[in-house]
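K.L.:
Quick one: this structure, given as structure tokens, is what I'll be asking you about.
The values are calculated or read from the model by the stated rules, or taken from the named source; none is laboratory data. Worth saying up front: this structure is predicted, and the values here are computed from it rather than measured. Don't worry about glycine lacking a Cβ; one is built from the backbone with ideal geometry, like all the others, and counts go over all protein chains shown.
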Amino acid sequence: TGNGLIVSFGEMLIDFVPTTSGVSLAEAHGFLKAPGGAPANVAIAVTRLGGKAAFVGKLGDDEFGHMLAGILKENNVNADGITFDQGARTALAFVTLRADGEREFMFYRNPSADMLLKPEDLNLELIRSAKVFHYGSISLIVEPCRSAHLKAIEVAKEAGSLLSYDPNLRLPLWPSPEEARQQMLSIWDKADIIKVSDVELEFLTGKVDDASALSLWHPNLKLLLVTLGEQGSKYYTKNFHGSVDAFHVNTVDTTGAGDSFVGALLSKIVDDQSILEDEPRLREVLKFANASGAITTTKKGAIPALPTESDVLNLIKG
Ligand code: ADP
């Protein structure tokens with residue numbers, strides 16, 4: 001696992017998950033507090049595996065914001081890129097798995113502190129020190145965090161960081177599907193690595209197959225990944241493409257699997273980007289990333305379920 005710094009940009013929030021599953025939000029009696037937010041999950045995925053990560057984002061100067069900052073610190077994530085908003089509160093999400101299997105979300109975001117991250121808040125020195133800069137999530141939806149997001153991408157790119165983008169579509173938060181699609185694609189050609197889920201691939205292209213994935217290729221891209229849950233993952237580069245099978249595990253909650261996958265991948269390539277051009281070594285890394293994602297599905301929540309490197313190696317060894 002690498003020594004170079006992976007900087008992850010975006011939101012961190014608390015998911016409130018009912019203590020009993022299969023009930024609607026209105027029927028829930030109690031909630032568990034599960035820290036999350038895709039970019040924060042990625043940062044912790046990296047440090048759990050033994051790598052170096054920093055998180056850049058804004059939290060409320062409230063109980064929840066300080067709890068989240070504490071979780072980053074406990075997990076050895078560099079917090080020099082975090083600012084606290086003096087007015088707005090930390091973002092909260094209420095998540096339930098209804099009896100029909102559908103996930104139901106309710107967000108406290110009117111506006112929450114993460115949305116108020118301004119370009120002036122950015123710790124540019126930290127961003128410039130990123131070997132890998134990872135981004136992409138709900139911070140593209142509204143101002144001023146959208147401008148902060150775009151500026152951070154530019155600063156990292158200018159500094160020569162490898163840019164990793166996970167659009168993390170959260171469709172209900174967008175004003176319209178069309179706007180979501182447009183905004184996602186508007187930053188498409190900046191990234192060196194893009195990871196989409198099968199759902200996002202279908203949203204963007206209408207299909208899930210090699211041709212639809214390849215229609216998302218851009219000339220500067222080094223690696224495109226499509227995650228397929230229990231079908232594993234697919235990879236596309238300029239010179240080769242293929243798929244890597246998933247591991248069979250006892251899945252209880254898939255939250256954070258994609259973030260775990262991304263964190264594992266980045267932690268393996270941060271010190272050696274030549275892996276991106278070497279298919280056998282890339283396949284090894286994706287096997288590691290698939291194993292990391294699989295383990296994350298075996299426990300409730302995202303952050304508590306992120307594996308250490310030895311957990312991953314044990315699953316691979318079988
Ligand atoms: P996302 O969260 O982006 O939708 P996925 O759910 O596809 O991502 O998960 C990322 C990776 O984690 C997958 O490519 C796969 O390797 C692994 N994974 C996810 N769900 C499962 C599962 N049920 N069983 C085994 N591996 C899984």
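K.L.:
Within region 128-147, can you find the residues that are crowded, with 24+ Cβ neighbours inside 10 Å, modelled with pLDDT of 95 or more and not in a loop (DSSP other than H, G, I, E, B)?
P.N.:
Correct list: Val132, Phe133, His134, Tyr135, Cys145.
K.L.:
Filter region 47-92 down to the residues that are of a type in the set (Gly, Ala, Ser) and surrounded by fewer than 20 Cβ atoms within 10 Å (Cβ to Cβ), then identify the one that is nearest to Ala156 (Cα to Cα).
P.N.:
Looking only at region 47-92, we keep the residues that are of a type in the set (Gly, Ala, Ser), and these are 50-51, 53-54, 57, 60, 65, 69-70, 79, 81, 87-88, 91.
Those still in the list that are surrounded by fewer than 20 Cβ atoms within 10 Å (Cβ to Cβ) too: 50, 69-70, 79, 87.
Details: Gly50: 23, Ala69: 23, Gly70: 26, Ala79: 17, Gly87: 29 Å.
Looking at the filtered set, the residue picked out is Ala79.
K.L.:
Also: For region 175-187, does any single residue satisfy the condition of being under 23 Å from Phe261 (Cα atoms), within 16 Å of the ligand (Cβ to nearest atom) and not in a strand (DSSP E or B)?
P.N.:
Within region 175-187, one or more residues are under 23 Å from Phe261 (Cα atoms), within 16 Å of the ligand (Cβ to nearest atom) and not in a strand (DSSP E or B).
K.L.:
Going by what's in this entry, would Asp192 be described as closer than 21 Å to Ala93 by Cβ and crowded, with 17+ Cβ neighbours inside 10 Å? Steps first, please.
P.N.:
Details: closer than 21 Å to Ala93 by Cβ: no; crowded, with 17+ Cβ neighbours inside 10 Å: yes.
So Asp192 does not fit the description; no.
K.L.:
Looking at (1) part of a helix (DSSP H, G or I); (2) surrounded by 15 or more Cβ atoms within 10 Å (Cβ to Cβ); (3) of a type in the set (A, V, I, L, M); (4) without any contact (Cβ under 8 Å) to a residue 60 or more places away in the chain, which one does Val226 not meet, given that it meets all the others?
P.N.:
(1) is the only condition that Val226 fails.
K.L.:
Now a separate question. Go through (1) surrounded by 17 or more Cβ atoms within 10 Å (Cβ to Cβ); (2) within 16 Å of the ligand (Cβ to nearest atom); (3) not in a helix (DSSP H, G or I) and name the single condition Leu221 misses.
P.N.:
Of the numbered conditions (1) surrounded by 17 or more Cβ atoms within 10 Å (Cβ to Cβ); (2) within 16 Å of the ligand (Cβ to nearest atom); (3) not in a helix (DSSP H, G or I), the odd one out for Leu221 is (2).
K.L.:
So which residues in region 1-49 are assigned to a helix (DSSP H, G or I), farther than 20 Å from Asn76 by Cβ and among the charged types (D, E, K, R), if there are any at all?
P.N.:
Listed by number, the list holds a single entry, Glu27.
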